[in-house]
Amino acid sequence: MSNTIDALALKKAFIAGANNLDKNKEYINELNVFPVPDGDTGTNMTLTILSAVKEVEAAPDDMKSIAKAMSTGSLRGARGNSGVILSQLLRGFSKKVQDARTIDVHVIADAFQKAVETAYKAVMKPKEGTILTVAKGVASKARECADADMSLAQFCDEVIEYGDAVLDSTPEMLPVLKEAGVVDSGGQGLMVVLKGAVDCLMGRVTVELSKNTGTVNVARTSTGAGNDSLSTADIKFGYCTEFIINLEKPYGEAEEDDLKSFLESIGDSIVCVSLDDIVKIHVHTNHPGQAFEKGLTLGYLTNMKIDNMRIEHHERVIGQAERDEAEKQEEERQHRKQEHKEPRKKYGFITVSMGDGLKTLFEELGADRVIEGGQTMNPSTEDMLNAIDDVNAENIFILPNNKNVVLAANQAATLCEDKNIIVIPTANAPQGISAMIAFDSTVDVDENRSAMKSAVKNVKSGQVTYSVRDTSIDGKAIKEGDIMGIGDKGLVSVGNDIENVTFELIADAVDEDSEVISIYNGADVSEEDAQKLAGRVEEAYPDVDVQCYYGGQPIYYYIVSVE
């Protein structure tokens, strides 16, 4: 085999790495240290790299174009801390390969080193025993092997073997990994990508690229453009999109209704049929990618087909559709132009939250945009940038309200050029609420940043959810299905009763200086049960103000805070 990689080989290897990650994302999700139902490292990394795949598939087969697509696609699509770090690794790698005609082991070693340098710079306090450690080990071994002038095949074998060894050592670097009996999930995700790419380079897997859209099969079927019985006047959605979801998440009536509602929001002619562990989807839409991304939240996809229904239809229909779209875009441009003519206000706010109750609370406190996301679906850097674009303000505060969203918010801030973006690194909704309450429109940006961060430090918070597997954390044995109370510093309480576990979590946070206890009940908790808990807390702490709110958040029965 050749000892160099050309542009087309790089494209195929990258897509193969992404496909391998997609195939293994649920396994990676299960490596989460806390056995909570929102383990999402695999999902975040997959959605990040698939965002890049879309651009890579469409890129010309030259090294610069492919490298740029890998970088920009992953940067804008990055979700969660693991996804942001992966995007930074790809960004550094791309910088080193973009000017190469072909890539040999020496270029790969240089690119790996640049990838690690770029990723470490993006993380304020890098922690060893994580994806960063695995990446650094891979880069170090790559340099050693390149200096030994190994063949590409031997180089790949040696680097992968060493990367696995570093991954296996991560539990010795992070005690929480060792106690939970898992390796670092982000590091595992990185190795899965590299192995998929190497398998492609070595010819063990193949990637077939069609002329226009890469691995997505663009086919013409009797339900699409060739169906003369379909009136051309009825075609307002141009792509007949079909795929099968191989379920990896619970799928009941609620999930089915949510899926159908989403499909109706982006198209028509919808067929959504479930059988055992698969769901067959058919939808006419102008945004096939959105349908695919929604499907990915439930499992992995197969049998993907996109049929451009406009290609073989009468030019009049196509022309009218294009004119309608052009008019719509022109209206949107005029709207934005008019909005930007209006003077920008001094301050704006973007928050991230999951649950209709919490969304309402943030809006009442003055949030201009509430991005839906958090525990189960981390918003991407592009989601942040779109929200920033929508807020007509000079200075915009972003409250991520989740530790796993902070890096994406920071990345969006660095990519925004015409507004001052201030990220307050809130880890949960109560911290975000306290930060917004601390805001004072009469003082400057720096004073507000300081006041909001100080307010966050005064909040002790916790969350109550259930365990998805047997494990041990902080010396506490946990069984699948147990209720867990998780505080700022780790696991606080475990039991079988939601109220008792929540009460213990609150009791652990209350001290002689506590003044306010806030309780936000989730979608799966009745108002009656929430009021019962609040009454018990009031009785136990008569000198503390107890406030109970409907949060509506999924997954977490309660979110609580003590200030």
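Nothing in this text is a laboratory measurement; each read-out follows from the coordinates by a stated rule. Just so it is clear, the model here is predicted, and its values are computed rather than measured. For neighbour counting, all protein chains shown are included, and Cβ atoms are generated from backbone atoms with ideal geometry for every residue, glycine included.
Spacing of the modelled spin labels on residue 497 and residue 68, each 7 Å from Cα toward Cβ, amounts to 6.4 nm. Packing around the peptides 187-196, 56-65, 540-549, taken as the average count of other Cβ atoms within 10 Å per residue, puts them in this order, highest first: 187-196, 56-65, 540-549. Which one of 546, 498, 472 has its Cα pushed farthest toward the positive end of the charge dipole of the stretch 461-562, where Lys and Arg give +1 and Asp and Glu give -1 at the Cβ? The residue sitting farthest along the positive end of the dipole is 472. The largest-to-smallest principal axis extents of the Cα set in the chain are 73, 65, 53 Å. Among beta bridges from DSSP that stay inside the chain, the antiparallel ones total about 70%.
The orientation-averaged shadow of the Cα convex hull for the stretch 231-308, equal to a quarter of the hull surface, comes to 4.8 nm².
The 3J(HN,Hα) values that the Karplus relation (6.51, -1.76, 1.60; θ = phi - 60°) gives for the stretch 195-207 are, in residue order, 5, x, 5, 5, 4, 5, 4, 7, x, 7, 9, 10, 10 Hz. Gly and Pro appear as x. Ranked by the mean number of other Cβ atoms within 10 Å per residue, highest first, peptides 137-143, 387-393, 246-252 order as 137-143, 387-393, 246-252. Take the Cα of residue 277, step 7 Å toward its Cβ, do the same at residue 453, and the gap between the two points is 4.8 nm. Beyond 27 Å in Cα-Cα separation lie the following of the pairs 419/453; 294/532; 136/195; 12/249; 121/195: 294/532; 12/249.
Of the peptides 203-209, 471-477, how do they stack up when ordered by the mean number of other Cβ atoms within 10 Å, highest first?
Working: 203-209: 12.3, 471-477: 13.9.
Output ranking for 203-209, 471-477: 471-477, 203-209.
Give, rounded to the nearest 20 debye, the magnitude of the charge dipole that the stretch 461-562 has about its Cα centre when Lys and Arg contribute +1 at Cβ and Asp and Glu contribute -1 at Cβ.
Details: 6 positive and 21 negative charges, 99 e Å.
Once rounded to the nearest 20, the dipole reads 480 debye.
Among the GluC sites (Glu not before Pro) within the stretch 483-521, which fall in a DSSP loop and have no more than 14 other Cβ atoms within 10 Å of their own Cβ?
Working: sites: 499, 504, 512, 515; in loops: 512, 515.
Hits after loop and neighbour filter: 512, 515.
Can you tell me how the stretch 388-451 classifies by the Cα gyration tensor, rounded, prolate or oblate, using a/c under 1.5 as the rounded cut? Oblate, because a/c is 1.5 or more while a/b does not exceed b/c. Here the relative contact order of the chain, from alpha carbon pairs under 8 Å that lie six or more residues apart, stands at 12 percent.
Taking one quarter of the surface of the convex hull spanned by the alpha-carbon atoms of the stretch 461-562 gives a direction-averaged projected area of 6.0 nm².
Around the Cα centre of the chain, unit charges on the Cβ atoms of Lys, Arg, Asp and Glu (plus for the first two, minus for the last two) sum to a dipole of about 2140 debye.
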